[in-house]
Every structure is written in structure tokens, then in C-alpha cells.
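The values are calculated or read from the model by the stated rules, or taken from the named source; none is laboratory data. Keep in mind that what you see is a predicted model, and the values were worked out from it rather than measured. Don't worry about glycine lacking a Cβ; one is built from the backbone with ideal geometry, like all the others, and counts go over all protein chains shown.
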Amino acid sequence: MKVEQLLLDGVFVEHVAPDGPAASPPIVFIHGGSHGSWLWDNWTRYFAGLGRHCYAFSWFNHTGSVELPTEEFVKRSMLDATEELGIVVKYAGETPVLVAHSMGAAVAQKYAEDHVVLAQVLLAPVPCTDSRGEAIQIPVDLSLPFPPMPYETAAEWFFDGCSEQDARRYHALMPDESPKAVWEAAQRGAAIELDRTRASGPMLMVAGGRDIVSPAELVRKHAAHFGADYLYLADRAHSLILEPRWRDVADRIDSWLAHAAW
């Protein structure tokens, strides 16, 4: 397979192309808060090996993408990343499947309110106003970029299930996040409005039984609100993408996508 890295209108994109003609529509992968395109390194190669063009990108001020002025970055909602997503979809040139994680799931859902997508796969998604849960108490200074959490906290929240070596490597890659986006996520849905009547494409939502960031009961509630298919994995945590058994999750998603021409 061919791997190329691009900078499109300030958005860092990694495109992994299949060997030979594409067998299925492309996938655009959307990371969540304090992550970057690197989250999907295994997944882009896995799905490219199944015959799909795969595109993973970083939001502005995240790994490889342009840095916005601080006064602009601190005001960015997680939903503002629909701008970057639109740039990548335009480059892909075809109607895609969206695969997204955590905050990125809200980006995918908001984008799909105004654009046609073939399907949405949302892993550990943040909820919305209609599926909200109890807020997380995180002190956030809205005037300053939100730095990565200390390693011990990040390992518990984001990298549970990974080896310490891998967890420390991923932690070192984490960029600053918009404090507004962190505050929105901490509200557990109360700050994110999504319209299910405008949702494009069938949805699969995936929850981990050990996830303390996006608890399975909230993901189930969110899936029910949108009429989405729901996959519960009892022994998984928030980072279903990076945990050592990520391939099992990817296999389940590929199986779901194979049910139609998604």
C-alpha cells in the first residue's frame, strides 16, 4: 500500500491507499481531543489492506496541522473541526464513511447534518443535549490552551489496556487542546446540540464497558436517541483504537460495513 502525507489548507493528512483499485468507498478517520492523526495509524493500514482509501487528519493546532493564534484557538468548539473534516472530504473526492472517536464523533455527526455520508462509525462518542449525562468536574481556564493531562491521569482515562511503554509513547504525542472543547466534553453532552432529523447515513456506536470517559450507559442512550446500531464490548476502555486488541474492534466494524455498500 502507498502512504502519503499532505498539508491541505493547513490540515495535516495521511492518506493510505490500497494496492490496486479500491474495492469499497473511502474512510475518513476523525480523532478526538488531545490526539492527532497518529491515533489511526493501525486502522488506516488495516482498512487500506481491505481495499479502501483511508484518510486520517489532525485538527488545527494538533499534530502536524497549522497553529492558529492562541486567542482564536482557545475559542474553538470541538464542532469547529467540521472545517478541517470538510477539507479532507473534498480532497478524497468521493462520499465517504466516517469513523470517529470521542469528541471526533460529535464532529462527524455535526458534519453529517449538512453533508451526505455513507455511514458513521462512532467509537466512545461524546453525548449531546438529548443524551446528556452527569458532568465531569475538570478545572478549565478558558483563556489558555489546555495542556495534556499528567501521565498517570492520561493512562487511566485514555490508555487503559495499553502497555506502559505504549501509553508513555502515546502520551508524549498528545498536543494541547482548546479549553472550550475540553469544557464542552466535560459537560457530558449538555453543550453539544445535534439534530437527529438531519443525520446522514446509518450509524454504529461502539462502547467499552471499562470506559470512564464515555461510559457505556451514555453511549447506549446516545445510540438509542439516534436509532443507531450499538456494539458493547465489556472488557474495553476509552481507547478502543490503541488497545492491543484493536484489530478485534476493527474486524467487528468491517463486518458491520460489509452488510451493505458502505
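Listed by position, the helices (runs of 4 or more DSSP H) inside segment 137-248 whose residues that are more than 15 Å from Leu122 (Cα to Cα) number at least 3 are 151-157, 164-173, 179-186.
Could you please let me know if Trp38 is buried (at least 24 other Cβ atoms within 10 Å of the Cβ) and either under 19 Å from the mean Cα position of the chain (by Cα) or more than 19 Å from Ala105 (Cβ to Cβ) (or both)? So Trp38 does not fit the description; no. State whether one or more residues within segment 63-70 are touching a Pro at 6+ places or on another chain (Cβ under 7 Å), under 22 Å from Phe158 (Cα atoms) and surrounded by 24 or more Cβ atoms within 10 Å (Cβ to Cβ). Scanning segment 63-70 turns up no residue that is touching a Pro at 6+ places or on another chain (Cβ under 7 Å), under 22 Å from Phe158 (Cα atoms) and surrounded by 24 or more Cβ atoms within 10 Å (Cβ to Cβ).
Let's see how each residue does on (1) within 21 Å of Phe73 (Cα to Cα); (2) under 18 Å from the mean Cα position of the chain (by Cα); (3) at pLDDT below 95; (4) surrounded by fewer than 17 Cβ atoms within 10 Å (Cβ to Cβ):
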| residue | (1), (2), (3), (4) |
| --- | --- |
| Asp160 | no, yes, yes, no |
| Arg168 | no, no, no, yes |
| Pro175 | yes, yes, no, no |
| Ile192 | yes, yes, no, no |
| Asp195 | no, no, no, yes |
| Arg198 | no, no, no, yes |
| Pro202 | no, yes, no, no |
| Met205 | no, yes, no, no |
| Val213 | no, yes, no, no |
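When segment 1-32 is limited to residues that are part of a loop (DSSP other than H, G, I, E, B) and touching a Pro at 6+ places or on another chain (Cβ under 8 Å), the one that is nearest to Ile241 (Cα to Cα) turns out to be Pro26. The residues in segment 240-259 that are out of contact with any strand residue (DSSP E or B) (no Cβ under 8 Å at 6 or more places or on another chain) and not charged (D, E, K, R) can be counted, and the count is 7. Do we find that Ala56 is within 20 Å of Gly201 (Cβ to Cβ), in contact with a strand residue (DSSP E or B) (Cβ under 9 Å, 6 or more places away or on another chain) and among the small types (Gly, Ala, Ser) in this structure? Here the answer is yes, as Ala56 does meet what is asked. Met1 falls short on exactly one of the conditions (1) out of contact with any strand residue (DSSP E or B) (no Cβ under 7 Å at 6 or more places or on another chain); (2) modelled with pLDDT under 95, and that condition is (1).
Among the residues of segment 135-152, just one is farther than 24 Å from Leu173 by Cβ and surrounded by 14 or more Cβ atoms within 10 Å (Cβ to Cβ), namely Ala135. A search for C-beta distances below 7 Å between a residue of segment 74-87 that is under 8 Å from Ala181 (Cβ atoms) and crowded, with 19+ Cβ neighbours inside 10 Å and any residue that is acidic (Asp, Glu) and modelled with pLDDT of 95 or more, counting only pairs 6+ apart in sequence or on different chains, returns Met78/Glu184.
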